[in-house]
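Below is one structure; the comments refer to it alone.
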Amino acid sequence: MKGSIRERDTNVFQITIDLGRDGDGKRKRLYETFRGRRRDAQRRVRELLTSLDRGVPVDTGKETVSEFIQRWLIDYVAHTTKPRTREFYAMINRLYIDPIIGQVNVQRLTPGDVQRVIGSVIEKGLSPTTARRVYATLHVALACAMKWGVVFRNVCDVIDAPREANPEINPPDKQTLKELLSLVMVKPYVVAVRMLAYTGIRRGEVCALR
């Protein structure tokens with residue numbers, strides 16, 4: 001099998017896959033219109049050829065990211081995770097993924113699309129933790145898409161996951177600590193504050209003590 005692309009307009013290409021001849025000797029071809037850069041069109045040709053070589057049915061349909069994620073939530077997540085996990089994934093999709101790339105064809109999703117989603121989260125002033133959760137949700141959804149043969153690579157794999165921010169720690173100086181201890185003289189608060197000051201124990205650990 002061979003594949004070719006022909007530019008029909010700016011960033012619009014016609015992909016043609018030569019499937020050989022049928023039983024009657026008639027030549028069979030698969031056509032697909034691709035919108036995007038030439039190199040992405042070439043990648044799509046390779047994906048189609050790989051799919052056909054593997055005997056995987058080629059889906060040149062128009063399933064969008066939004067449609068696929070809804071299918072994933074219903075057919076997979078609902079049966080393999082707890083209800084709260086499904087609600088969490090659905091919320092992440094509704095708030096952060098769907099508004100940005102929901103209408104993109106899932107088979108034509110690019111790393112740049114993923115970066116746009118992450119960028120939109122950061123531009124809203126949300127925390128790096130939220131950005132990581134959005135990235136993780138999209139990554140696990142596309143991993144399932146690969147298993148189902150919908151896509152042939154997980155574009156999240158070539159995007160660095162957002163990093164957790166390292167909060168700047170500004171411990172009080174000796175004078176400030178002395179003033180603080182002089183103000184907190186009521187038990188059990190004075191004990192808790194002294195433990196925090198002298199041992200470096202975490203707040204959650206102090207609260208757990210009895």
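Every number in this text was worked out from the coordinates using simple rules, so none of it is lab data. These numbers come from a predicted model, not from an experiment.
Points to keep in mind about this one:
- Taking the longest Cα principal axis of the chain as reference, the axis of helix 83-92 is set at about 80 degrees.
- 5 angstrom amide H check on V12, placed H, neighbours 5+ away: G36
- Once the Cα atoms are used to define both axes, helix 38-54 deviates from the longest principal axis of the chain by about 80 degrees.
- Other-chain or far-sequence residues with amide H under 5 Å of T64's (modelled H): V106
- Shape box of the stretch 65-158 [Cα atoms, principal axes, largest first, Å]: 34, 30, 21
- Rounded to the nearest 10 degrees, the angle from helix 128-147 to the longest Cα principal axis of the chain is 30 degrees.
- For the chain, the alpha carbon positions stretch 95, 38, 25 Å along the principal axes, listed from largest to smallest.
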